[in-house]
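Q: Got a structure for you, written out below as structure tokens; questions coming shortly.
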Amino acid sequence: MNSQVPVVGSSCGETPYVIGDAGLIFQEGDVMKMVEHLRLLESNPDLRVKLGKRGYERVQDCYTFQGIAQRTFQVWNDLIHG
């Protein structure tokens, strides 16, 4: 996602939460749905760009040291100040 490449992931584990709205999710084991998602991305350059940008933004907001620090600060701030 940090490379602005759209992602396709299964519903397994934390994958859907990591991807969020920045990619396409298929039910674990549903190969046909995975293929459908890949074909959709192949045929739709606008969607590829949109999801690529969303993925990059998600990484910057959620998975960089700064993003993690900001969220941690907000949690502590909310706990302390109600």
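Q: Given the Cα-Cα distance of V75 and R48 and 0.36 nm per residue of separation, how much length would full extension add, in nm?
A: Residue separation times 0.36 nm, minus the Cα-Cα distance, leaves 6.4 nm.
Q: Just to confirm the number: angle between the C-alpha axis of helix 65-81 and the first principal axis of the chain, 0 to 90 degrees, nearest 10?
A: 50
Q: In degrees, nearest 10, range 0 to 90: what is the angle between the Cα axis of helix 31-43 and the longest Cα principal axis of the chain?
A: Helix 31-43 sits roughly 90 degrees off the main axis of the chain.
Laboratory data are not the source of any read-out in this text; all were calculated from the coordinates shown. All values reported here derive from a predicted model rather than from experimental measurement.
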